[in-house]
């Protein structure tokens with residue numbers, strides 16, 4: 001009896017664990033993996049530094065407070081206020097960009113979106129690949145285009161780090177426009193391509209965190225909950241087994 | 001303690017007999033298998049939804065302007081708010097997992113048949129209210145999929161001739177899903193439907209306890225041989241619900257919570273199936289999500305809606321098909337004329353039909369969720385996705401409705417060759 005029970009449970013659990021990874025991947029289907037690890041605190045800190053140096057000029061994180069950043073990223077109030085907060089906001093206030101919405105519309109055609117939940121809406125893989133896929137395109141209003149998100153209105157904020165990429169066009173088929181096949185670095189930046197991949201990975205990690213700060217907590221709590229429930233279920237099984245002895249003797 | 005018991009007993013003398021009737025002296029067949037866990041698990045999830053729901057309403061703001069922000073407030077600033085919300089969102093999905101399995105159990109073992117038709121009808125009403133409850137709850141976070149899902153589902157009523165367009169406006173209280181819609185859905189989701197749901201669950205159980213539980217053999221335990229070790233006048237193959245099935249169900253509860261905890265703590269969005277990517281963007285009536293699809297538990301019914309084409313200048317056939325697919329389930333006790341309940345003793349035709357029903361239902365779910373639209377280009381490069389998907393989806397729609405047609409013909413004209421049903425239940429362990 002216990003054998004049958006255990007094998008049924010093992011089977012159910014096995015099926016569940018086997019299918020879970022298929023469901024656990026967060027969006028960005030078919031894109032190369034960003035390879036982020038939201039529990040890597042150093043990566044989070046580097047990502048935060050990049051965000052506050054290159055992104056916050058246009059993009060807010062309206063659901064993220066500076067104080068929460070400090071405690072979650074292991075930084076002191078001073079460190080956050082002098083190194084990350086350039087807008088004069090108070091420690092307990094959320095991260096709001098100073099870009100005026102009206103001017104942004106004139107400059108880019110639309111207001112730069114809030115990025116608090118970007119990693120949940122689009123996926124970290126999308127963010128990572130998007131940041132690596134800008135190329136010069138004189139036909140676009142701001143001079144930039146992107147292979148992951150064609151005709152995006154955003155210029156490459158990290159061009160100093162990455163350098164300048166240009167699109168290599170395929171040969172145009174008759175009646176069709178040529179498409180960008182791959183991107184090539186025409187002018188190197190301050191970082192090597194490998195370093196730049198690492199930097200954008202850190203940025204994606206940071207945005208993964210801002211999309212769900214609870215992610216830092218839930219897995220470590222979850223381990224204990226699961227262990228407790230496993231023990232409880234086993235004890236409950238023993239109780240059931242004891243009670244059911246007379247049913248089994250009786251038939 | 002004994003004094004307290006006497007004190008209560010004097011004032012409410014029917015309390016103890018009621019407890020006995022439904023627990024310690026409710027005799028259930030002793031051969032329940034794995035499929036019999038899902039009823040008690042459904043109650044567990046219902047309680048979870050109500051309790052976590054109460055805590056969510058403490059911080060949720062019912063307003064089109066504030067709803068989305070307040071959900072993020074719960075996720076970030078409310079102590080353990082993320083856990084409460086994940087318990088509620090995961091619970092919603094698992095509610096349907098449990099209820100689908102519970103319903104399938106009923107079909108497989110013929111639990112809907114005489115004398116349990118009322119139990120089945122009440123169960124189908126629960127399912128209907130549950131779907132309305134889930135749909136309205138899905139709208140409340142006011143993400144972009146909430147908005148567009150609400151728009152698509154409500155506009156289904158627009159296909160009704162003459163009154164359709166006016167009805168849609170009346171339901172929404174506006175020309176689009178808007179603040180008025182959100183507020184009334186909140187009222188229905190938090191008060192009206194849960195009350196109806198609770199009442200129906202009580203009636204479902206009361207009706208069940210009148211006629212007694214079915215079992216995997218479909219043997220009529222209640223009218224079989226009498227005399228068990230607790231009571232000489234009670235069925236020989238039955239045991240008191242409490243303590244035997246309470247302790248057994250607790251094992252199921254523990255195991256179920258283990259799986260739920262895995263999801264809540266390690267994959268709360270379940271890869272976009274339990275919480276969808278597009279719903280992490282606030283509602284926006286100018287930006288349509290690339291694929292509007294309902295939550296996974298509606299996808300089989302949604303696929304039926306999509307697969308039935310418009311003709312005679314109206315799209316109402318799909319809507320009729322979708323609601324009809326649920327109505328037919330409710331009518332099962334009268335469609336299936338067979339005397340034998342359990343699949344264990346039914347004809348080969350029934351077993352095959354049951355397999356077709358399951359395959360059709362799951363395939364329709366895949367069509368409705370857009371899984372086939374993704375797989376078809378991979379499996380059949382160069383093929384026209386819509387053509388292949390429609391062909392497949394319509395075949396599966398035929399499979400689903402075919403089950404009911406076949407079942408009626410099969411049993412009404414006596415084509416079924418059943419096996420003899422034993423007098424006593426069998427226990428396999």
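Read-outs: derived from the displayed coordinates by stated rules, not from any lab. Remember, it's a predicted structure, so these values are computed and weren't measured experimentally. Methodologically, a virtual Cβ is constructed for each residue, glycine included, from the backbone with ideal geometry; neighbour enumeration extends over all protein chains shown.
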What's the average, rounded to a whole number, of partner chain beta-carbon atoms within 10 Å of each residue's beta-carbon in B:30-43?
1
The stretch B:184-242, Kirkwood Rh and Cα Rg, ratio Rg/Rh at 1.26
Arrange the peptides A:200-209, B:314-323, A:118-127 so that the one whose residues have, on average, the most other Cβ atoms within 10 Å appears first.
A:200-209, A:118-127, B:314-323
So the pair-distance distribution of the stretch B:22-76, from every Cα-Cα distance in 10 Å bins, comes to percents of 19, 29, 21, 15, 15, 2
Cβ crowding within 10 Å averaged over residues, with B:188-200, B:251-263 ranked highest first
B:251-263, B:188-200
Enter the mean number of other protein chain beta carbons within 10 Å of the beta carbon of each residue in A:208-217, as an integer.
3
Give me the inter-chain shielding for B:244-257: mean count of other chain Cβ atoms within 10 Å, whole number please.
6
Quick one: pull the percentage of alpha-carbon pairs in the stretch B:1-154 with a separation above 22 Å.
59
Would you mind ranking A:243, B:86, B:162 so that the residue whose beta carbon has the fewest other beta carbons within 10 Å leads the list?
B:162, A:243, B:86
Taking Rh as the Kirkwood radius computed over alpha-carbon pairs of the stretch A:104-251 and applying Stokes-Einstein at 37 °C with viscosity 0.692 mPa s, one gets a diffusion coefficient in µm² s⁻¹ of 167
Beyond 18 Å, the calculated P(r) of the stretch B:207-314 holds a percent of Cα-Cα pairs equal to 73
Suppose R0 equals 51 Å. What FRET efficiency, 1/(1 + (r/R0)^6) with r the Cβ-Cβ distance, do residue A:194 and residue A:228 give to the nearest 0.05?
0.75
Chain A: percent of C-alpha pairs farther apart than 33 Å?
38
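How do B:352, B:84 rank when sorted from fewest to most other Cβ atoms within 10 Å of their own Cβ?
B:352, B:84
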Can you tell me the equivalent ellipsoid semi-axes for the stretch B:283-330? Use √(5λ) from the Cα gyration tensor, largest first, whole Å.
23, 16, 8
So how do B:417, A:240 line up by other beta-carbon neighbours within 10 Å, fewest first?
B:417, A:240
Describe numerically, in nm with one decimal, the distance between label points set 7 Å from Cα along Cα→Cβ at residue B:409 and at residue B:331.
1.6
Rounded to the nearest 0.05, FRET efficiency between residue B:15 and residue A:235 (Cβ-Cβ, R0 22 Å) equals 0.10
Rounded D (µm²/s) - the stretch B:132-244, Kirkwood Rh over Cα pairs, Stokes-Einstein at 25 °C, 0.890 mPa s
136
Residue A:78 versus residue B:104: modelled label distance in nm, points set 7 Å from Cα along the beta carbon direction
6.2
Helix A:41-50 versus the longest principal axis of chain A: what angle, 0 to 90°, nearest 10, using Cα atoms?
20
Debye log10 I(q)/I(0) for the stretch A:50-112, one point scatterer per Cα, at q = 0.20 Å⁻¹:
-0.74
Classify the stretch B:19-292 from the C-alpha gyration tensor, please: rounded if a/c falls under 1.5, else prolate or oblate depending on whether a/b exceeds b/c.
prolate
Nitroxide proxy distance, nm - points 7 Å out along Cα→Cβ at residue B:343 and residue A:149
4.8
Given only helices, namely DSSP H runs of n ≥ 4 each adding -39500 (n - 2.57), what is the per-residue ellipticity at 222 nm of chain B, to the nearest 500 deg cm²/dmol?
-19000 deg cm²/dmol
In a Gaussian network model over chain B where Cα atoms closer than 10 Å are linked, find which of B:332, B:34, B:398 has the largest mean-square fluctuation.
B:34
Pulled fully out, how much extra length does the chain show between residue B:362 and residue B:210, if you take 0.36 nm times their separation in residues and subtract their Cα-Cα distance?
51.3 nm
Calculated FRET efficiency for the pair residue B:73/residue B:427, C-beta based, R₀ 35 Å, to 0.05:
0.10
Once the Cα gyration tensor of the stretch B:278-359 is found, what semi-axes does its equivalent ellipsoid get, as square roots of 5 times the eigenvalues, in whole Å, sorted largest first?
36, 17, 11
Once the Cα atoms of helix B:81-108 and of chain B are each reduced to a long axis, what angle between those two axes, in degrees from 0 to 90 to the nearest 10, is obtained?
60
Give me the one-decimal Kirkwood hydrodynamic radius in Å for the protein assembly as shown, with the sum taken over alpha-carbon pairs.
28.7
Listed residues A:221, A:38, A:95, most fluctuating in chain A (Gaussian network, C-alpha, under 10 Å)
A:221
